[in-house]
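The values are calculated or read from the model by the stated rules, or taken from the named source; none is laboratory data. Keep in mind that this is a model prediction, so the values were computed, not measured. Please note: Cβ atoms are built from the backbone with ideal geometry, for glycine as well, and neighbour counts cover all protein chains shown.
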Amino acid sequence: MPKEVIPTKQPRERAFLVGVELQGQATLLSLEDSLVELALLAHTAGLEVVGQETQKRSRPDPKTFIGSGKAEEIRTLAEALEADVILFDDELSPRHQRELERIFGEEVRVLDRTALILDIFAQHASTRDGALQVELAQYEYRLPRLTRAWTHLARQAGGRAGSVGGVGLRGPGETQLEVDRRDIRRRIDHLKRELEKVRAHRQRYRAQRKRSRIPVVALVGYTNAGKSTLLNSLAAAKVYVADQLFATLDPTTRRVLLPDETPVLFTDTVGFIQKLPTTLVAAFRATLEEIAEADLLLHVLDVTHSNVEAQAEAVLHTLEEIHADHIPVLTALNKIDRLDDPGAARLALDAFPNAVAISALRREGLVDLLEAVQRQLYELYTPLEVLLPYQEGRLISLFHNQGEVERLEHSSDGVRIRGRLPGRLLAQFSNYLTEQP
């Protein structure tokens, strides 16, 4: 009997990390902590980190970002460590990319943080909506960087790009690069049309939810903070959980009963991270609108992380970027079961307003959390003043039925109402706010 042949495991590509600290540039994480995070991203993408190099500069070198001397030094180090990939912690311009590829040679790939995150998203997008959004972000990132080495992207874009279509016949004087660019632009236009359909579908679904008057609580937080674990614990759901960055991309919504038996919809979606690529934020607009139209944001923080304050700031910055910073926020300080000193949880509660300490994994503090959600949605009233157009009869009626009207004036522009509303309704009135009372 011949021996059974056991297939060998494909060796992981070896990555060499490069981090640059620019003078006067405001960053959430220190250079060292940012490289630790980059190493975690590399591990999530299936790379093995074999070394790193840092540099301090007053400004980026216009040609190579790090200067030709430093580039030669890194090339020598990478060769000695047999690195396959040189990974930069910042986004490189198309010119930087081309010059560095020339210096490092054809045997080594040059990737930046944005390309790495896009690759991780491509690996983790498990639905058609997610795959479309990632593919769009990949093409829009790669188009200005297109060289002969990047042509025929249909076979490269994360394995999910689908066919761009045949290259076809070239016109007079038209290069292969020009043909590829034109086909990629055509593919981008197609993806945008498809994503508009996704967006319209999600809007209809959200409108249906609003008519049902079931509040929506969106789970937000830094990647790997424990949002999916929390949703699983609250709703006995089976959302994929892993100790890695961006384990969950596609939004998952589950029905949860509050302590008074009132139903609420909890939605988990993509985690945030510092330096989140702008192409990704734009492409994921259809998904991120789930957050922007929620009644309450539940900000999940990993209280054990050494950079928890910086992570919280990164999340709040992204909420501003997607125009969701007007929605009430309740903070869940997660992973208290990992704290050696229980008093540390109490100190953390003092540092973060409107917070509850929990362990999603051990289901500790979840009753307190749901009680806080209930208070925020139904018991806490926020003062505001709005000017509602007469055609917004639904909102006028909603304010009268669900809020407390203190003053009402009719004018040619609409109905000016001053009063108080429960937190779950504030987002619906955000477009009509006037000055606060």
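Consider only pairs whose beta carbons are under 8 Å apart and that are at least six residues apart or on different chains; among these, list those whose first residue lies in the stretch 182-202 and is farther than 17 Å from A137 by Cβ and whose second residue is acidic (D, E).
From the stretch 182-202, the pairs are R202/E289; R202/E290.
Can you pull out every residue in the stretch 98-131 that is farther than 25 Å from P62 by Cβ and either free of Cβ contacts under 8 Å to residues at least 60 places away in the same chain or surrounded by fewer than 19 Cβ atoms within 10 Å (Cβ to Cβ) (or both)?
Listed by number, the residues that qualify are E107, A122, Q123, S126, T127, R128, A131.
Looking at the stretch 281-298, can you tell me whether even one residue there is surrounded by fewer than 21 Cβ atoms within 10 Å (Cβ to Cβ), touching a Pro at 6+ places or on another chain (Cβ under 7 Å), modelled with pLDDT of 90 or more and not charged (D, E, K, R)?
no
Which of the helices (runs of 4 or more DSSP H) found entirely inside the stretch 322-437 contain at least 1 residues meeting this: among the polar types (S, T, N, Q), within 32 Å of the chain's Cα centre (by Cα) and assigned by TED's automatic domain parsing to the domain that holds V220? Lay out the reasoning, then the answer.
Numbers: elements: 343-351, 366-374, 393-402.
So the answer is 366-374.
Pull out all pairs, ordered by first then second residue, where Cβ-Cβ is under 6 Å, the residues are six or more apart or on different chains, the first lies in the stretch 368-395 and is under 16 Å from I327 (Cβ atoms), and the second is surrounded by fewer than 17 Cβ atoms within 10 Å (Cβ to Cβ) and among the basic types (K, R).
Y381/R420
When you go through G414, G393, G419, G423 one by one, which is the residue that is in contact with a Gly (Cβ under 8 Å, 6 or more places away or on another chain) and not acidic (D, E)?
None of the other options fit; the residue is G419.
Answer yes or no: is there a residue in the stretch 393-411 that is out of contact with any strand residue (DSSP E or B) (no Cβ under 6 Å at 6 or more places or on another chain) and over 24 Å from A294 (Cα atoms).
For the stretch 393-411, residues out of contact with any strand residue (DSSP E or B) (no Cβ under 6 Å at 6 or more places or on another chain) and over 24 Å from A294 (Cα atoms): present.
Mind checking which residues of the stretch 330-354 are touching a residue at least 40 places away in the same chain (Cβ under 8 Å) and within 15 Å of V300 (Cβ to Cβ)?
Listed by number, the residues that qualify are L330, A332, N334, K335, A345, A348, F352.
Looking for something β-branched (V, I, T) and free of Cβ contacts under 8 Å to residues at least 24 places away in the same chain - is there at least one such residue anywhere in the stretch 71-78? Steps first, answer last, please.
Of the stretch 71-78, the ones β-branched (V, I, T) are 74, 76.
Imposing the further condition that a residue be free of Cβ contacts under 8 Å to residues at least 24 places away in the same chain reduces the set to 76.
Yes, there is a match, as at least one residue in the stretch 71-78 is β-branched (V, I, T) and free of Cβ contacts under 8 Å to residues at least 24 places away in the same chain.
Being on the phi > 0 side of the Ramachandran plot, buried (at least 20 other Cβ atoms within 10 Å of the Cβ) and not assigned by TED's automatic domain parsing to the domain that holds T279 is the requirement here; does F65 meet it? Reasoning before the result, please.
Details: on the phi > 0 side of the Ramachandran plot: yes; buried (at least 20 other Cβ atoms within 10 Å of the Cβ): yes; not assigned by TED's automatic domain parsing to the domain that holds T279: yes.
When the stated conditions are applied, F65 passes them.
Which one of L339, L333, L349, L369 is in contact with a Phe, Trp or Tyr (Cβ under 9 Å, 6 or more places away or on another chain) and surrounded by 15 or more Cβ atoms within 10 Å (Cβ to Cβ)?
Numbers: L339 fails: in contact with a Phe, Trp or Tyr (Cβ under 9 Å, 6 or more places away or on another chain); L349 fails: in contact with a Phe, Trp or Tyr (Cβ under 9 Å, 6 or more places away or on another chain); L369 fails: in contact with a Phe, Trp or Tyr (Cβ under 9 Å, 6 or more places away or on another chain).
One residue alone meets the criteria, L333.
Which one of these is surrounded by 23 or more Cβ atoms within 10 Å (Cβ to Cβ) and either within 19 Å of K275 (Cβ to Cβ) or of a type in the set (G, A, S) (or both): A137, A80?
Matching residue, one of A137, A80: A137.
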